[in-house]
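Trainee: Quick one: the structure is below, questions incoming.
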Amino acid sequence: MNPVVEVKDLETTFFLKSGPFKAVNRISYSINQGETLGIVGESGCGKSVTSFSLMRLIEKPGLVTNGQFLLNGKNILLLKDQEIENVRGGEMAMIFQEPMTALNPVLTIGYQMDEQIKKHMRLNDKDSRDRAIEMLQLVGIPSAKERYSAYPHQLSGGMRQRAMIAMALSCNPKFLIADEPTTALDVTIQAQILELFQSLQEKMNMTVQFITHDLGVISEVSDKVLVMYGGQTCETGPTQDIINSPAHPYTAALILSRPQHGQRVERLKTIEGSVPAPHELPQGCPFANRCPNVLPQCWTHKPPLETIASRPDRKLACFNPLPI
Amino acid sequence: MSEIILEAKNIKKYFPIKKGFFMREVGQVKAVEDVDFIVRRGETLGLVGESGCGKSTLGRTLIRLYEPTAGEIQFDGHNFLKLKGSELRKKRRDLQMIFQDPYSSLDPRMTVGQVIEQPFIIHGLLQKKEREVRVKQLLEMVGLKSSHINRYPHEFSGGQRQRIAIARAIALDPKLIICDEPVSALDVSIQAQILNLLKDLQKRLNLTYIFISHDLSVIEHVCDRVAVMYLGRIVELTTREELFANPQHPYTQALLSSIPTIGTGKKKMSKVLIGEIPSPINPPSGCTFHPRCPHSFEPCSKIIPALEGPVDHTKACHLYDPKYKKTNLTTQKELL
């Protein structure tokens, strides 16, 4: 089976006054039809920049400086601005973290949905309105007809996020990027949205890239996971396998530093220090300055991302991994 | 059982809604409604609930950042709400607060040294030289370097800023600290550092915490007793072990089952709560949770349940009221 999404050596550089900074540094992955890839990492690790790069939403001083993004074999990064507008919102769509800032506050929900539906599905006014209302119903918004003419501020946080999902899904995208879609929501609403998300994904057989900092959420929604740190891949593979036996010290630390329900410990394991600033990234492995297993070569050489011999479905970038 | 340091009785906090040219009062937001609890010396009491449940308002009311609409607060042997002027000031030393957002709770124009010495200046304690020594000592206590004293907040990361806020809070040797979502703005790996620091300081300085959070995993990690809040009321109050092993209020059960857990595998969400938190301006009649409750029956929409039950596990739910025993009281297993 050919993967729907293939990202190869993606590199996004921000040309700052202090010098160029690679927010995404040669990331590669692929996602199969109907699969969910979770990208997990702390703030500043480049997970959002990765998604923005794929959607071609990177603006100056940032630039995608290398790599390919094949969506069903078509390289999206080479499309002209006009061509990308036909793909964005149609074949691929994105759900953002903060629905209040992602939606236009002076236009009704319906207007914003219509705009997109008319463009991509070439429907007339009435049909596109019907389609929008149908989508709002599908994501569980009560009295969808009235909500269609509501403004974003008239909806609650959970409802706005549902409206965002409805909008993103309205043109039957093949590939959906969800960038922290539940981070701003309460737990009970988060559970509602995640459930909705999974059932819709199944129904529409969508391919999804799910970005979050929450390992708990990742573990519940994704098939594969990619752990990012300092713009690079630490390790990637099947979610349950990685969470049950992480090989990269960063993944392990991330799992242990989270208070776990039902397993109370006196002290949490911590990762010393914090994510280094862009210009302070070590020469070699970006995690070297916080890593408990650091070796001399970690400071000077970047560990290559290689397949683990005993686990052919997993890849790891570490000179001194944990035994798995 | 150790002594009671703080006792809150029937605390209410309403905010008026004003409208029109004359700013007439047209209604009230009932942010906190009839809250009763005690805090014992040396323990950590958790307040947990979703946004808008009144947990932060309650925290702020306890240190009189907001004046409560009604109620009584006994703090360390004093009727805290009756205190005025210099007496209030003196007592407030014993009661400090750590806020959620370390980016807005520190004055960007003050150096770290100035931020932390403020409490001493305000309360007229220590001479300049002594203050500096004390500030350096405090910085080291919270895991920063004493050489950081002349830096500005923007030079620090979120976790370090939260350490500065903690240093300021413990400066005057308080007895009770209210921690209002102290780690929710931080990354996971930094959260763990701050939680460990708070625990260490508690042991070292014999502190009592009221810990406000929406994150049940964090609550489970730090708290001895937990109060679950919904729409301004406490719906269940018990020890940590009881709460997580044997949650009784349907809302607590729903909350617990919505925590995403690591390593359970891609799963179907089962017990998902329907609907959203109603508006506190016009809360539902009777039990405020009844429109979302899967087990609601006749009395729920009419009578407000009281917080009742054995001393160490109280809940406000008609399901456990012996008066209604005949109705379909499902067992724990079925509920979860």
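The values are calculated or read from the model by the stated rules, or taken from the named source; none is laboratory data. Since the structure is predicted, the reported quantities are computational estimates derived from the model, not experimental observations. Note that we place each Cβ from the backbone using ideal geometry, even for glycine, and neighbour counts take in every protein chain shown. Keep in mind that these areas ignore ligands, DNA and RNA; they rest on the heavy atoms of the full protein, side chains included. Shrake-Rupley method; radii C 1.70, N 1.55, O 1.52, S 1.80 Å.
Trainee: Please state, as a whole number in µm²/s, the translational diffusion coefficient that the Stokes-Einstein equation yields for segment B:197-289 at 20 °C and 1.002 mPa s, with Rh defined as the Kirkwood radius across alpha carbon pairs.
Mentor: Details: Rh = 15.3 Å.
The Stokes-Einstein estimate is 140 µm²/s.
Trainee: Using only alpha-carbon positions, what ratio does the radius of gyration of segment B:60-199 give when scaled by 2.2 N^0.38 Å? Let's see the in-between values first.
Mentor: Values: Rg = 15.6 Å, N = 140, 2.2 N^0.38 = 14.4 Å.
Dividing the Cα radius of gyration by 2.2 N^0.38 Å gives 1.09.
Trainee: Further question: Can you give the calculated 222 nm mean residue ellipticity of chain A, where each DSSP H run of n ≥ 4 adds -39,500 (n - 2.57) and the sum is split over every residue, rounded to the nearest 500 deg cm²/dmol? Kindly include the intermediate steps, with their values, before the conclusion.
Mentor: On the way: 12 runs with 108 residues, N = 324.
Helices in chain A give a 222 nm mean residue ellipticity of -9500 deg cm²/dmol.
Trainee: First compute the accessible area of chain B with a 1.4 Å probe, then give the percent of it belonging to carbon and sulfur atoms.
Mentor: Details: 7850 of 15370 Å².
That share works out to 51 percent.
Trainee: Also: Arrange the residues A:Glu134, A:Glu6, A:Glu202 by how much accessible surface each exposes, largest first, with a 1.4 angstrom probe.
Mentor: Values: A:Glu134 100, A:Glu6 55, A:Glu202 130 Å².
Result of the area sort, largest leading: A:Glu202, A:Glu134, A:Glu6.
Trainee: For a bin width of 10 Å, list the pair-distance distribution of segment A:1-64 built from all Cα-Cα distances, rounded to whole %.
Mentor: Taking all Cα pairs of segment A:1-64, the binned fractions are 20, 49, 24, 6, 1 percent.
Trainee: What is the antiparallel percent of DSSP beta bridges lying wholly in segment A:112-258, to the nearest 5? Before the final figure, lay out the partial values.
Mentor: Values: 6 of 11 bridges.
Within segment A:112-258, antiparallel bridges account for around 55 percent of the total.
Trainee: For A:Gln68 and A:Thr307, FRET efficiency with R0 = 30 Å and r from the beta-carbon atoms, rounded to 0.05? Don't jump to the answer; show the numbers that get you there.
Mentor: Numbers: r = 20 Å, r/R0 = 0.68.
My answer for the efficiency is 0.90.
Trainee: Follow-up question, since we're still on this one. Using only C-alpha positions, report the orientation-averaged shadow area of the convex hull of segment A:39-138, nm², one decimal. Each step should come with its number before you reach the end.
Mentor: Numbers: hull surface 34.0 nm².
Result: 8.5 nm².
Trainee: Note the direction-averaged projected area, equal to a quarter of the hull surface, for the Cα convex hull of chain A, in nm². Mind showing how you got there, number by number?
Mentor: Details: hull surface 72.1 nm².
Mean projected area of the Cα convex hull: 18.0 nm².
Trainee: Still on this structure: Can you return the lysines within cross-link range of B:Lys145? Criterion is Cα-Cα under 21 Å, with same-chain partners fewer than 8 residues away left out.
Mentor: Counting by Cα, and skipping residues close in sequence, B:Lys145 has these lysines nearby: B:Lys128, B:Lys129, B:Lys136, B:Lys199.
Trainee: Sticking with this structure for a sec: Using helices alone, what [θ] at 222 nm do you get for chain B, with -39,500 (n - 2.57) per DSSP H run of 4 or more residues, divided over all residues and rounded to the nearest 500?
Mentor: -8500 deg cm²/dmol
Trainee: Based on the alpha carbon coordinates of segment A:91-170, what radius of gyration and maximum Cα-Cα distance (Dmax) apply, in Å?
Mentor: 11.3, 31
Trainee: Another question, if that's okay. Nearest 100 Å² is fine: what is the total accessible surface buried where chains A and B meet, probe 1.4 Å?
Mentor: Details: alone 16020 and 17470 Å², together 29420 Å².
Summing both chains' loss of accessible area gives about 4100 Å².
Trainee: Here is the link list: A:Lys22/A:Lys302; B:Lys12/B:Lys82; A:Lys8/A:Lys80; A:Lys17/A:Lys302; B:Lys13/B:Lys55. Which ones come out longer than 18 Å on Cα distance?
Mentor: Pairs exceeding the cut-off: A:Lys8/A:Lys80; A:Lys17/A:Lys302.
Trainee: Binned at 5 Å from 0, what are the whole-percent values of the Cα-Cα distance distribution for segment A:187-265, short to long?
Mentor: Each 5 Å bin holds this share of Cα pairs: 3, 13, 23, 23, 18, 14, 7, 1, 0.
Trainee: While we're looking at this one, here's another question. Could you order B:Arg64, B:Arg92 so the one with the most accessible surface comes first? Probe is 1.4 Å. Display every interim value, and only then the final one.
Mentor: On the way: B:Arg64 30, B:Arg92 85 Å².
Correct descending sequence by accessible area is B:Arg92, B:Arg64.
Trainee: If eta is 0.692 mPa s and T is 37 °C, what Stokes-Einstein diffusion coefficient results for segment A:127-170, Kirkwood Rh from Cα pairs, in µm²/s?
Mentor: Values: Rh = 10.1 Å.
Answer from the Stokes-Einstein relation: 325 µm²/s.
Trainee: Same structure again: I need to check one value: relative contact order of segment A:98-226, counting alpha carbon pairs closer than 8 Å and at least 6 residues apart, in percent.
Mentor: On the way: 137 pairs, mean separation 31.5, N = 129.
It comes to 24 percent, rounded to a whole number.
Trainee: Compute the relative contact order of segment B:194-290 as a whole-number percentage, counting only Cα pairs closer than 8 Å that sit 6 or more residues apart in sequence.
Mentor: It rounds to 20 percent for segment B:194-290.
Trainee: What's the Kirkwood radius of chain B in Å, using all Cα pairs? Numbers along the way, then the final one.
Mentor: Values: mean 1/r = 0.0464 Å⁻¹.
Hydrodynamic radius (Kirkwood, Cα pairs) of chain B is 21.6 Å.
Trainee: Could you give me D for segment B:1-104, from Stokes-Einstein at 25 °C and 0.890 mPa s, where the hydrodynamic radius is the Kirkwood radius over C-alpha pairs? Units µm² s⁻¹, please. Could the numbers behind the result be given before it?
Mentor: Details: Rh = 15.3 Å.
After rounding, the answer is 161 µm²/s.
Trainee: Kindly rank A:145-156, B:45-56, B:93-104 from highest to lowest mean number of other beta carbons found within 10 Å of each residue.
Mentor: Numbers: A:145-156: 15.7, B:45-56: 23.9, B:93-104: 19.0.
Top of the packing list down: B:45-56, B:93-104, A:145-156.
Trainee: Using only the C-alpha atoms of the protein assembly as shown, find the volume of their convex hull and express it per residue in Å³. Let's see the in-between values first.
Mentor: Working: hull volume 126.4 nm³, N = 660.
That works out to 192 Å³ per residue.
Trainee: Under the √(5λ) rule applied to the eigenvalues of the Cα gyration tensor, what semi-axes describe the equivalent ellipsoid of segment A:135-294? Give them in Å, descending.
Mentor: Working: eigenvalues 248, 58, 51 Å².
Result for segment A:135-294: semi-axes of 35, 17, 16 Å.
Trainee: Considering only protein heavy atoms, what is the solvent-accessible area of A:Thr236 at a probe of 1.4 Å, reported in Å² to the nearest 10?
Mentor: 20 Å²
Trainee: Follow-up. With N residues in segment B:182-242, what two-decimal value do you get for its Cα radius of gyration over 2.2 N^0.38 Å? Could you put the intermediate results ahead of the total?
Mentor: Working: Rg = 12.5 Å, N = 61, 2.2 N^0.38 = 10.5 Å.
Against the empirical 2.2 N^0.38 Å value, I get 1.19 for segment B:182-242.
Trainee: From Cα pairs below 8 angstrom and at least 6 apart in sequence, can you work out the relative contact order of chain B, rounded to a whole percent? Present the calculation step by step, with values, prior to reporting the outcome.
Mentor: Details: 574 pairs, mean separation 63.4, N = 336.
Once normalised by length, the contact order is 19 percent.
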